[in-house]
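Taking it in order: structure first as structure tokens, then the write-up.
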Amino acid sequence: MKHNIFIILVLLFLISCSSSKQQEQVYIPKDLQECCEQLDTLLSQDTKDSIKKMETKKEMIKYHFYLSFWMRNNWGLWRGSRLKEYFISMGITHPDDMSGIILECYYRQLHNQDWELDKQIKHYQDYWKAAKEHSLKMETDTAYRKEFQLKQKMQLDSIETEYLTKKKLAWKPGTAIIGYLDYRCGFISPFFADIFNLGINTEVKGTVIEWQDDNVVMKITQYIDEKKKKKVIKCNDIEDDIVIIHDHRMFRLEKQ
């Protein structure tokens with residue numbers, strides 16, 4: 001046992017050393033100009049051509065995951081490097097903002113545009129200033145907090161209303177749907193069901209009869225697991241295979 005632990009520790013040490021050497025081999029730019037030069041070297045011609053064809057900088061979002069992730073980790077924007085210190089000296093302190101500025105500058109350079117660096121810096125500084133002010137007000141200003149929470153609720157209600165409207169238009173009477181109904185009568189919570197891998201739902205197929213407010217009335221045409229049919233009927237107050245579905249998020253169109 002001790003021998004196995006020793007081997008594992010040695011392997012972890014070697015992996016760590018290998019990772020460190022790999023990071024040391026990556027050249028870390030000293031400023032934005034060198035960042036653009038390095039990206040010009042690292043990226044394929046196809047990628048550069050793709051960026052040149054972009055009509056707006058917003059399209060660079062497709063590179064914000066893997067390329068930004070690579071820069072933050074390999075150029076020391078998280079752990080500390082001369083490039084990080086360069087950004088901090090300009091008032092940019094978050095690694096995500098740093099990688100965002102690098103990508104925007106590279107986009108602008110390929111499009112023969114000015115970097116507008118001062119404008120970019122101000123954008124991120126204004127964002128964090130506003131975020132800090134908001135956080136402070138949420139803690140100290142009761143009226144502000146209530147107003148903000150009310151606006152959030154109104155936005156969520158608006159999104160939910162739009163979602164239901166679209167769903168009602170798509171799920172007209174006669175539409176075939178498939179989904180899951182409870183067969184444990186709520187005796188087991190979803191939390192414990194997930195932990196202990198206990199099933200609480202079973203699949204059924206059916207057609208939409210009508211909408212009652214925000215609930216779907218469905219005629220069940222097939223109980224996928226016939227052994228659970230009696231439990232499904234009992235737990236969901238089903239009569240003549242007709243059920244009112246309150247949580248229709250568990251259902252989808254049968255043909256998609």
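When the dipole is taken about the Cα centre of region 66-125, and only Lys, Arg (+1) and Asp, Glu (-1) are charged at their Cβ, what size is it in debye, to the nearest 20?
On the way: 7 positive and 7 negative charges, 43 e Å.
Using Cβ point charges on Lys, Arg, Asp and Glu, region 66-125 gives about 200 debye.
What net charge do the residues around Trp128 carry, taking every other residue with its C-beta under 13 Å from that of Trp128, with Lys and Arg at +1 and Asp and Glu at -1?
Numbers: positive: Lys122, Lys129, Lys132; negative: Asp96, Asp97, Asp126, Glu133.
Here the count lands on -1.
Is the C-alpha gyration tensor of region 111-169 telling us rounded, prolate or oblate? Criteria: a/c under 1.5 is rounded; beyond that, a/b larger than b/c is prolate, otherwise oblate. Let's see the in-between values first.
Values: a/c = 6.77, a/b = 1.34, b/c = 5.05.
Here region 111-169 falls in the oblate category.
On the accessible surface of the chain, probed at 1.4 Å, how many percent belong to carbon and sulfur atoms? Mind showing how you got there, number by number?
Numbers: 9820 of 17760 Å².
Carbon and sulfur together cover 55 percent of it.
With the chain treated as a Gaussian network of Cα nodes joined by springs under 10 Å, which of Gly100, Gly186, Gly206 yields the largest mean-square fluctuation?
Gly186
So if I place +1 on the C-beta of Lys and Arg and -1 on the C-beta of Asp and Glu, and nothing else carries charge, what would the dipole magnitude of the chain be about its Cα centre? I want it in debye, nearest 20.
On the way: 39 positive and 38 negative charges, 115 e Å.
It works out to roughly 560 debye.
Computed on alpha carbon atoms, what radius of gyration and Dmax characterise region 79-151, expressed in Å?
Values for region 79-151 (Cα only, Rg and Dmax): 16.5, 49 Å.
Determine the shape class of region 25-163: with a ≥ b ≥ c the square roots of the Cα gyration tensor eigenvalues, call it rounded for a/c under 1.5, and otherwise prolate if a/b is greater than b/c, oblate otherwise. Could you put the intermediate results ahead of the total?
On the way: a/c = 2.54, a/b = 1.66, b/c = 1.53.
The shape class here is prolate.
Checking the cross-link filter: which lysines have an alpha carbon closer than 19 Å to that of Lys52, excluding same-chain neighbours under 8 positions apart?
Result set, ordered by chain and number: Lys62.
Quick check on the chain: helices-only [θ] at 222 nm, where DSSP H runs of length 4 and up contribute -39,500 (n - 2.57) each and the sum goes over total residues. Nearest 500, please. Could the numbers behind the result be given before it?
Working: 10 runs with 143 residues, N = 256.
Value at 222 nm, helices only, nearest 500: -18000 deg cm²/dmol.
Rounded to the nearest 10 Å², what accessible area does Thr202 show when all protein chains are kept and the probe is 1.4 Å?
10 Å²
Under the definition of Cα pairs under 8 Å and six or more residues apart, what whole-number percent is the relative contact order of region 57-190? Walk me through the numbers on the way to the answer.
Working: 54 pairs, mean separation 20.1, N = 134.
Over region 57-190, the number comes to 15 percent.
For the chain, with the dipole built from +1 on Lys and Arg beta-carbon atoms and -1 on Asp and Glu ones, taken about the Cα centre, which of Gln125, Ser135, Tyr27 lies farthest toward the positive end?
Tyr27
Can you list the aspartates and glutamates whose alpha carbon sits under 18 Å from that of Lys230, skipping same-chain ones fewer than 8 residues off?
Asp182, Glu203, Glu239, Asp240, Asp241
In Å, what Kirkwood hydrodynamic radius results for the chain from the alpha-carbon pair distances? Each step should come with its number before you reach the end.
On the way: mean 1/r = 0.0408 Å⁻¹.
Answer for the chain: a Kirkwood hydrodynamic radius of 24.5 Å.
Select from the chain the helices, each a whole stretch of DSSP H, whose alpha-carbon atoms run 24 Å or more along the helix axis and whose Kyte-Doolittle mean is at least -1.0; answer none if there are none. Walk me through the intermediate numbers first.
Details: long enough: 2-25 (35 Å, 0.57); 117-140 (35 Å, -1.43); 142-170 (42 Å, -1.03).
Span-like helices in the chain: 2-25.
Taking +1 at the Cβ of each Lys and Arg and -1 at the Cβ of each Asp and Glu, which of His246, Ile61, Gly91 sits farthest along the dipole of the chain towards its positive end, judged by Cα position relative to the Cα centre?
Of the candidates, His246 comes out farthest on the positive side.
Heavy-atom accessible area of Phe148 with all protein chains present, probe 1.4 Å, nearest 10 Å²?
Near enough 70 Å² of accessible area.
List, in the order given, every pair from Lys57/Lys119; Lys168/Lys205; Lys168/Lys219; Lys57/Lys151 whose Cα-Cα distance in the structure shown is over 20 Å.
Working: Lys57/Lys119 14 Å; Lys168/Lys205 18 Å; Lys168/Lys219 16 Å; Lys57/Lys151 30 Å.
Cα-Cα > 20 Å for Lys57/Lys151; rest within.
Could you name the aspartates and glutamates in cross-link range of Lys84, using Cα to Cα under 15 Å and dropping any fewer than eight places away on the same chain?
Correct list for Lys84: Asp31, Glu34, Asp96, Asp97.
Before I look further, what does the chain give for accessible area per residue, probe 1.4 Å, in whole square angstrom? Present the calculation step by step, with values, prior to reporting the outcome.
Details: 17760 Å² over 256 residues.
Accessible surface, normalised per residue, equals 69 Å².
Take the chain, connect every pair of alpha-carbon atoms lying under 10 Å apart with a spring to form a Gaussian network, then pick out the residue of Ile233, Ile51, Ile121 with the largest mean-square fluctuation.
Ile233
The values are calculated or read from the model by the stated rules, or taken from the named source; none is laboratory data. The shown structure was predicted, so the numbers you read here are calculated from the model rather than taken from an experiment. Cβ: placed from backbone, ideal geometry, glycine included. Neighbour counts: every protein chain shown. Just the protein is used for accessible areas: all its heavy atoms, side chains included, with ligands, DNA and RNA removed. Shrake-Rupley method; radii C 1.70, N 1.55, O 1.52, S 1.80 Å.
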